[in-house]
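Visitor: One structure coming up, written as structure tokens, with questions to follow.
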Amino acid sequence: MNPYQPLIDQLYREKVLRARQRTPGERMSDVLELSEMHFAKNDPELRRRLVIVRTMEERGCYGPPQPRL
Amino acid sequence: MTPKEGVLALLETIEAAGVGYVIVGAIASGAWGMPRSTKDADFVVACAGPELDALLRKLPPSFSIDPQARMELFTGTLRWILHLEGTPFEIEVFLLGTDPHHVEIFARKRRERIEMIDREAWVPTAEDLVIQKLRWARRKDLDDAQNILAVQGGAIDYAYIETWCARHGTLDRLAEVRAGIPPGL
């Protein structure tokens, strides 16, 4: 088993629960970003890595990545 | 032309012509599950091939169109592939054929806000997208199906999905995807 699987599952759960609470008009990408910030609030390095991963993921869908790093 | 501008241009051309359509694939999945990176957009349109040819000729010159329609293997429908100049982004346009589930998708389609283009458009229901994703069954399709089921939670009509999966022989894939959802969701 991937040693990071419990962490991955926790983050996934966080994202799903926040996505379910999304208000009309709220962008899903913002919901995912909020999930990451909350999930990794006590771990700046993890938060930085999550931002990099999501930015790479969004590249194809939302055009050039925003300068958020 | 950006992918967003390309999708909007095609959408507006189709809607102006009054042709029925649904957006499927990753862009539609984002309406029910979670958005992900994609290098293409997929439309299904309800018109004849010559009508679609005439419609596509109205698109801006930054579109190029593969000269020959291609056959999509799973459902035997015809598709046109549009390229956006200067980008690797493609838009695939499928003709609505006689595939029973495609017909059902059209009958049940919903108008939802699409994040990529920041406007409303016709998309399949969450259940119909899951059924379609389980049929295609590439890794990214199974991930999309799982995300839709997880985010929609108790709102999902599993009996409807199972009926179609039984017809398509994809019940095992449905079980696999459901097993991948972490407990408690």
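The values are calculated or read from the model by the stated rules, or taken from the named source; none is laboratory data. Quick caveat, the model's predicted, so the values are computed rather than measured. When we count neighbours, we look across all protein chains shown, and the Cβ atoms used for this are built from the backbone with ideal geometry, even at glycine.
Visitor: Could you check, for the stretch B:166-173, whether at least one of its residues is without any contact (Cβ under 8 Å) to a residue 60 or more places away in the chain and in contact with a Phe, Trp or Tyr (Cβ under 9 Å, 6 or more places away or on another chain)?
Guide: Checked against the condition, which is being without any contact (Cβ under 8 Å) to a residue 60 or more places away in the chain and in contact with a Phe, Trp or Tyr (Cβ under 9 Å, 6 or more places away or on another chain), the stretch B:166-173 yields at least one hit.
Visitor: Is there a residue being outside any helix (DSSP H, G or I), under 18 Å from the mean Cα position of the chain (by Cα) and under 26 Å from A:Pro24 (Cα atoms) anywhere in the stretch B:125-147?
Guide: yes
Visitor: Residues of the stretch B:149-177 being within 14 Å of another protein chain (Cβ to nearest Cβ) and surrounded by 13 or more Cβ atoms within 10 Å (Cβ to Cβ), which ones?
Guide: B:Leu149, B:Ala150, B:Val151, B:Gln152, B:Gly153, B:Ile156, B:Val177 - these are the residues of the stretch B:149-177 that are within 14 Å of another protein chain (Cβ to nearest Cβ) and surrounded by 13 or more Cβ atoms within 10 Å (Cβ to Cβ).
Visitor: Go through the stretch B:105-125 residue by residue and tally those that are modelled with pLDDT of 90 or more and either out of contact with any Phe, Trp or Tyr (no Cβ under 8 Å at 6 or more places or on another chain) or surrounded by 18 or more Cβ atoms within 10 Å (Cβ to Cβ) (or both).
Guide: Going through the stretch B:105-125 one residue at a time, the tally reaches 13.
Visitor: For the stretch A:22-59, how many residues meet the condition of being within 12 Å of chain B (Cβ to nearest Cβ), of a type outside the set (Lys, Arg) and in contact with an Asp or Glu (Cβ under 8 Å, 6 or more places away or on another chain)?
Guide: Total meeting the criteria: 3.
Visitor: Could you grab me the full set of residues in the stretch A:11-21 that are of a type outside the set (A, V, I, L, M, F, W, C), in contact with a helix residue (DSSP H, G or I) (Cβ under 7 Å, 6 or more places away or on another chain) and within 9 Å of chain B (Cβ to nearest Cβ)?
Guide: Listed by number, the residues that qualify are A:Lys15, A:Arg20.
Visitor: So B:Gly18 fits all but one of (1) over 16 Å from the mean Cα position of the chain (by Cα); (2) at pLDDT 85 or above; (3) within 14 Å of chain A (Cβ to nearest Cβ); what number is the exception?
Guide: Here B:Gly18 clears every test but (3).
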